[in-house]
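Written out below as C-alpha cells is the structure these notes cover.
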Amino acid sequence: MRRLPPVLIEDGCSRELLSLIRTILAACKEISFRVGQGALSGVLGSTLDENIQGETQKKLDVLSNQLLKDILLESGYVKAIASEEEDYTVAGNPDAEYIVAFDPLDGSSNTDINSLVGTIFSIMRAPKDSDPADERIFMQPGHQQVAAGYVLYGPCTTLALTIGKGTRIFTLDKTHGSFMLTQEFAKIPEDTKEFAINASNQRHWQPAMQNYVNDLLAGDTGPRGKNFNMRWIAAMVGDVHRVLCRGGLFTYPADTKDPNKPFKLRLLYEANPMALLVEQAGGMAHTGDARILDIDPQEIHQRVSVILGSKNEVEACLAYHK
Ligand code: F6P
C-alpha cells in the first residue's frame, strides 16, 4: 500500500504544495485524535461565543480552527488563510505561493453525539505581488483551486484529496500516523437511487426543488419510475463521502426560512472544495443556476445553494430548474 507523499509526487505535485498539504494533514491528525477522545478530551459542548455568521461555536470548532491556523501560519507555506470560524482573512508569509480556505470542523453539531465530522480545505495560488492582508486574493472561482480535500473523522480517519488529477481516497494508519492510499480513483456512478436533503425544510424550498423531491418520493409509481432511498448525516463531509463511495445526490437548496439567509453552505470552505472533488470523480456540482466552480466569489463567507453527485441525477434535478 502506498503512502501519500510518493503518490502525489508521481502526480507531479510540487515540493511546496506537498509540504503545504502535509502541514494541513498534521493538524488534521491532531484533530482526529481530539475528536476520537470524545468526552475524555473535555472539549465536547459549546462555547459561549458565536462566529461571524451567528452560529454557536462548539469547543471543538474553536480548537480545530486554532490548530489549523497556528500550524499553517507557522509553516511559512501560506500567504493568507480564510476560515469559516474567522471573521476576516489572516495574513501569513508575504512570499508564500499559496492561500488556504478551510472549514476546520464541518458538521460540528455531530461531535456531541459521536457522529461524523470532518475538516474541509481548499488551496489556491495567491495572485502575484498581492497583499497578504487583502481578502480579495480569495476572490477566485473554484476551478482555479490547485488542490482540495477533506479529512473525515469517522470509525476510521479518511482523506479525500485532489490536485486536479482525479480524486483519491487515503486512510490514516493510526499505528504509524501515515495516510495510506486505499482507493486509487474514486468514480461516482452516473445513476443513483439515493438522495440526501434536509426534508424538514421542504415547505420553504422553491417550487423546482419541491417538485423534484415530490417526484423522487413518488417512487416507482411516479414519473421517475423507480424507488429512491434517503440519507442525511447533517455533516456535508459525511454525505459527500457517501456520494464519492457509492454515488447519490446531495443537495442543500435555497429556502425562505430566513429571508436574510437563503443559502446554508459556504462557497469557499464547503461548496468549492467539494465541487472539485466531485467533478474529479466524474460527478457534477451545480447551484441550480450555475456550475459551482465557475462562480466568482464576492466575499469570503458567501453562501450558495448546492446540488452535487451522480451526473445523471444532478442533470435530472436541474431539468426541474429550467
Ligand atoms: O455547514 C453546515 C452543515 O453542518 C453541513 O455540513 C451540513 O450538510 C448542514 O450544515 C446540516 O444542516 P442541517 O442543520 O439543516 O441539517
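Derivation of every value follows stated rules applied to the coordinates shown; laboratory data play no part. Please read these numbers as outputs of a predicted model, since none were measured by experiment. Positions of Cβ are generated from backbone atoms using ideal geometry, with glycine treated the same way; all protein chains shown enter the neighbour counts.
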Scalar couplings 3J(HN,Hα) for segment 239-248 by Karplus 6.51 cos²θ - 1.76 cosθ + 1.60 (θ = phi - 60°), nearest whole Hz, x for Gly and Pro, are 5, 5, 4, 4, 4, 5, 6, 9, x, x
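Under the rule a/c < 1.5 gives rounded, and otherwise a/b versus b/c splits prolate from oblate, where does segment 4-183 land using the Cα gyration tensor? Kindly include the intermediate steps, with their values, before the conclusion.
Numbers: a/c = 1.97, a/b = 1.15, b/c = 1.71.
The shape class here is oblate.
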Out of 258, 70, 239, a Gaussian network model of the chain with alpha-carbon springs under 10 Å gives the largest mean-square fluctuation to 258
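Any idea what the relative contact order of the chain is, in percent, if you count C-alpha pairs under 8 Å spaced at least 6 apart? List each step's numbers first, then the result.
Details: 686 pairs, mean separation 51.5, N = 322.
After rounding, I find 16 percent.
What is the sum of charges, Lys and Arg at +1 and Asp and Glu at -1, for the other residues whose Cβ falls under 12 Å from the Cβ of residue 267?
Numbers: positive: 264, 266, 303; negative: 84, 103, 270, 294, 296, 299.
Once all neighbours under 12 Å are counted, the net charge is -3.
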With -39,500 (n - 2.57) per DSSP H segment of 4 or more residues and division by the full residue count of the chain, the 222 nm estimate, nearest 500 deg cm²/dmol, is -8500 deg cm²/dmol
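Could you give the Stokes-Einstein D for the chain in µm² per second, using the C-alpha Kirkwood radius, 10 °C, 1.306 mPa s?
On the way: Rh = 19.9 Å.
Roughly 80 µm²/s, to the nearest whole number.
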Across 5 Å bins beginning at 0, the whole-percent shares of Cα-Cα pair distances in segment 174-322 come to 2, 10, 19, 22, 21, 13, 7, 4, 2, 1, 0
Highest GNM mean-square fluctuation among 107, 45, 166, for the chain with Cα springs under 10 Å, belongs to 45
Interchain or sequence-distant (5+) residues whose placed amide H lies within less than 5 Å of the amide H of residue 140 are none
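Net charge near residue 4: determine it from the other residues with C-beta under 10 Å of the C-beta of residue 4, scoring Lys and Arg +1 and Asp and Glu -1.
Working: positive: 2, 3, 22, 168; negative: none.
Neighbourhood net charge equals +4.
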In degrees rounded to 10, the 0-90 angle between helix 15-37 Cα long axis and the longest Cα principal axis of the chain is 70 degrees
Listed by chain and number, the aspartates and glutamates with an alpha carbon less than 13 angstrom from that of residue 226, same-chain partners under 8 positions apart left out, are 191, 194, 215, 313
Row for segment 13-79, column shape: gyration tensor on C-alpha, a ≥ b ≥ c, rounded if a/c < 1.5 i.e. under 1.5, prolate if a/b over b/c, else oblate; value oblate
Mean separation of Cα contacts under 8 Å (at least 6 apart) over the residue count of segment 4-183, i.e. the relative contact order in percent, is 16 percent
With Cα coordinates, the longest principal axis of the chain makes an angle with the long axis of helix 59-75, in degrees rounded to 10, of 50 degrees
Interchain or sequence-distant (5+) residues whose placed amide H lies within less than 5 Å of the amide H of residue 46 are 59
Cα-Cα longer than 23 Å, checked against 174/264; 58/193; 58/264; 58/261, kept in input order, equals 174/264; 58/193
